[in-house]
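The values are calculated or read from the model by the stated rules, or taken from the named source; none is laboratory data. What you see is a predicted model, and the numbers here were worked out from it, not measured in a lab. When we count neighbours, we look across all protein chains shown, and the Cβ atoms used for this are built from the backbone with ideal geometry, even at glycine. SASA here: full protein model, heavy atoms, side chains in, ligands and nucleic acids out. Shrake-Rupley method; radii C 1.70, N 1.55, O 1.52, S 1.80 Å.
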Amino acid sequence: ALYEEIIREFTPKAKNGYKFDHTENKPLTVSEAVENNVMKVYYVLDSEQTKTLTYTVEYYKDNVLQPNDTQTVTKIVQTLEPNTMNVDKTAINIVDKYTGYKLDTTKTGVIPNTVTSGDTIRVYYVREEYGYSIEYYYGNAKDETKTVTGTALYGTEIDAFEDKRIDGYRFDHTTNKPLQVTENAGNNVMKVYYVADDGQTKTLEY
């Protein structure tokens, strides 16, 4: 520029995430001292320029997605901040989300401390096994030697039982049949009742 020329305008060079703040040495009067012929334009971070970060937590029961339990976590940050988020582990249930189910630790893996926006954390639950028993009663007296015990997955329905009728008795009824396995082994009991059979007779003589 020519000596003593006055420069009042400048070409804005705003960057994403910043906004104009102020200038120094504006207007600039050109002098013979080159080091003084400097106009400075300052930009500062614009807190109103934002973006939304998000991650999702999905829960699965026996590999089936439970859509009603999906959690979406969002955070609004300044547009120049990283696209990473800290994971709120306290909000993710990896202990007892579903009755009768346990965490599949192998498939779920370790819940990360941080994720990238758009990531999905998947938590897998599988059915737990619980004990059950089938008890046999003869004339309302339980025969402990005939009790059958076993384990089955939560929710399994057990309808069949071995007929252990003995001489002089006939089948009468059962209780808790079919037996649906619950998380409470004390309730997982099917009872089979036999009563004296008057039709089974024998002749005594002397």
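Kindly provide the helix-only [θ] at 222 nm of the chain, computed as the sum of -39,500 (n - 2.57) over DSSP H runs of four or more divided by all residues, to the nearest 500 deg cm²/dmol?
Calculated from helices alone, the mean residue ellipticity at 222 nm is -500 deg cm²/dmol.
Counting only protein heavy atoms and using a 1.4 Å probe, what share of the accessible area of the chain belongs to carbon plus sulfur, as a whole percent? Spell out each step's value before the answer.
Values: 6510 of 13970 Å².
Taking all protein chains in place, the chain shows 47 percent carbon and sulfur surface.
How much accessible area per residue does the chain have, in Å², with a 1.4 Å probe?
Per-residue value: 68 Å².
Between the alpha-carbon centers of region 175-206 and region 86-108, tell me the distance in whole angstrom.
So the separation of the two Cα centres works out to 41 Å.
Just read off the accessible area of GLU157 with the full protein assembly in place, 1.4 Å probe, to the nearest 10 Å².
Using a 1.4 Å probe on the heavy atoms, I get roughly 120 Å².
As a test question: what accessible area, to the nearest 10 Å², does SER31 have when a 1.4 Å probe is rolled over all protein chains in place?
Approximately 40 Å² of SER31 is accessible to the 1.4 Å probe.
From the square roots a ≥ b ≥ c of the eigenvalues of the alpha-carbon gyration tensor of region 49-116, which class results: rounded (a/c under 1.5), prolate (a/b over b/c), or oblate?
The shape class here is prolate.
Can you list which of the chymotrypsin sites (Phe, Trp or Tyr not before Pro) found in region 1-101 are DSSP loop residues with at most 13 other C-beta atoms within 10 Å?
In loop regions of region 1-101 (DSSP not H, G, I, E or B), the sparsely surrounded chymotrypsin sites (Phe, Trp or Tyr not before Pro) are TYR3, PHE10.
Whole-Hz ³J(HN,Hα) for each residue in region 188-200, computed from phi via Karplus 6.51 cos²θ - 1.76 cosθ + 1.60 with θ = phi - 60°, x for glycine and proline: what do you get?
For region 188-200, the Karplus-derived couplings read 8, 10, 9, 10, 10, 10, 10, 10, 4, 9, 5, x, 8 Hz, x marking Gly and Pro.
Quick check for me: using +1 on Lys/Arg Cβ and -1 on Asp/Glu Cβ, what's the dipole size of region 112-177 about its Cα centre, in debye to the nearest 20?
Computed about the Cα centre, the dipole is about 60 debye.
Among (i) 149, 22, 19; (ii) 48, 35, 32; (iii) 87, 37, 24, which one is Cα extents along the principal axes in Å computed from these coordinates?
Only one option fits the structure, namely (i).
If exposed means no more than 15 neighbouring beta carbons inside 10 Å and the site is in a DSSP loop, what's the longest run of the chain without any exposed trypsin sites (Lys or Arg not before Pro)?
Longest gap between qualifying sites, sites excluded: 16-164.
Eight or more residues apart or on different chains, and alpha-carbon atoms under 27 Å: count the Lys pairs in region 29-101 matching that.
7
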